[in-house]
1. Can you tell me how many residues in region 141-155 are in contact with a strand residue (DSSP E or B) (Cβ under 7 Å, 6 or more places away or on another chain) and either more than 18 Å from residue 195 (Cβ to Cβ) or not assigned by TED's automatic domain parsing to the domain that holds residue 219 (or both)?
2. Please list, ordered by first then second residue, the pairs with beta carbon atoms under 6 Å, 6 or more apart or interchain, first in region 107-131 and under 14 Å from residue 259 (Cβ atoms), second at pLDDT 95 or above and assigned to a loop (DSSP other than H, G, I, E, B).
3. Out of all the residues in region 415-445, which are within 30 Å of residue 404 (Cβ to Cβ) and surrounded by fewer than 14 Cβ atoms within 10 Å (Cβ to Cβ)?
4. Residue by residue through region 275-287, note down the ones that are surrounded by 22 or more Cβ atoms within 10 Å (Cβ to Cβ) and farther than 15 Å from residue 354 by Cα.
5. In region 196-223, which residues are surrounded by fewer than 22 Cβ atoms within 10 Å (Cβ to Cβ) and assigned to a loop (DSSP other than H, G, I, E, B)?
6. Kindly check whether there is at least one residue in region 438-445 that is without any contact (Cβ under 8 Å) to a residue 24 or more places away in the chain, assigned to a loop (DSSP other than H, G, I, E, B) and over 30 Å from residue 197 (Cα atoms).
7. Identify, by number, the condition in (1) modelled with pLDDT of 95 or more; (2) surrounded by 21 or more Cβ atoms within 10 Å (Cβ to Cβ) that residue 109 doesn't meet.
């Protein structure tokens, strides 16, 4: 049978399992929503539902290829508290409110992790759980960031990993690539398992899981990686250029940009890449905001619809999600004639995400080629409009629609050339686009 691996890709909105052969070709792919449950002590992730789906899907994959490895890739700002038997508390949803606990986080100068709402700073989550549920927290043997939780559940080996620790957690110092002062001050040092690289094979499947999935007993489980850093993997080694990872979050990572220019109030941060290097980043919740503006059933539009909105001066002003971004705390609003139908809503959502991305790239001082990964590569106007506003940064689209599948594959086949191609995107500049951007920025105040 064909040799293959499975990438378990858990995004904030959806989860995906991809079966990929040794040449990087996707053999099969299954998706499901990443549900948040309201039962129990607080809003939490449906880990049991994901687990049952994982086991069932792997049985189908086992009939199509010989699976030699599983690679977990997940969103950030999430951790599991476990003992030898499993979770001691449900995995907290980072968008949940955390009332009634004081949080004395480390300084921005130390972590380059801005103070964020709800549980987006993982340190805040852990401090809240420790204060609210001291008995359960006291049973904790390991604090596992989310990719490593799934690796542990599959193979039984606990590990920590830098890309997940370095993702606005307050737990990591990006300059020293070591734990922040918060970890020792809160008494968490002994709960952090040994550090391992994202590509490390932690072990093989637990025997019961191999039997339940019909996967080979010698199937290896890799340590795993934060999803935006999976998208970065094929670009590591560049001296300049920008990678835009798109999905629920739009995250711009600028190579060669100095960390000294990052500003906390603009939600600018330093992530850590798979080589253990800090990377200047800026983000906003673009996928969530696009959905709010475009509606439940986005209806693609033609360029004439975009031209009409530009000409009539319809502006969407931030922000349309409650979590993160340079304008967090503002309420989104529409100025000018409101969109009249579904196509106009799609056009306005596209224009908004283009203008927000352009703003973030300017704030970062991003330079060099701009590679777009992820779900926005299916938008026919996002890249062309962005390219028109940023002629100094040629735009390309990756053919990996998730932006993470290739990165997961590359952790296993580290010496191979990354699969897939990138397509250069020709700019599209409707009349008045530059003036439209100027009006939008002026309206920001």
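The values are calculated or read from the model by the stated rules, or taken from the named source; none is laboratory data. These numbers were taken from a predicted model, which means no experiment stands behind them. Cβ placement follows ideal geometry from the backbone for every residue including glycine, while neighbour counts extend to all protein chains displayed.
1. Total meeting the criteria: 1.
2. Correct list of pairs: 110/180; 111/170; 111/180; 112/174; 112/262; 113/170.
3. 415, 416, 417, 421, 423, 424, 426
4. Selection gives 279, 280, 281.
5. 196, 197, 199, 200, 206, 214, 216, 217, 218
6. Yes, region 438-445 contains a residue that is without any contact (Cβ under 8 Å) to a residue 24 or more places away in the chain, assigned to a loop (DSSP other than H, G, I, E, B) and over 30 Å from residue 197 (Cα atoms).
7. (2)
Rundown of residues vs (1) buried (at least 20 other Cβ atoms within 10 Å of the Cβ); (2) touching a strand residue (DSSP E or B) at 6+ places or on another chain (Cβ under 8 Å); (3) outside the structural domain of residue 120 (by TED's automatic domain parsing), yes/no style:
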| position | (1), (2), (3) |
| --- | --- |
| 289 | yes, no, yes |
| 296 | no, no, yes |
| 301 | yes, no, yes |
| 314 | yes, yes, yes |
| 325 | yes, yes, yes |
| 332 | no, yes, yes |
| 357 | yes, yes, yes |
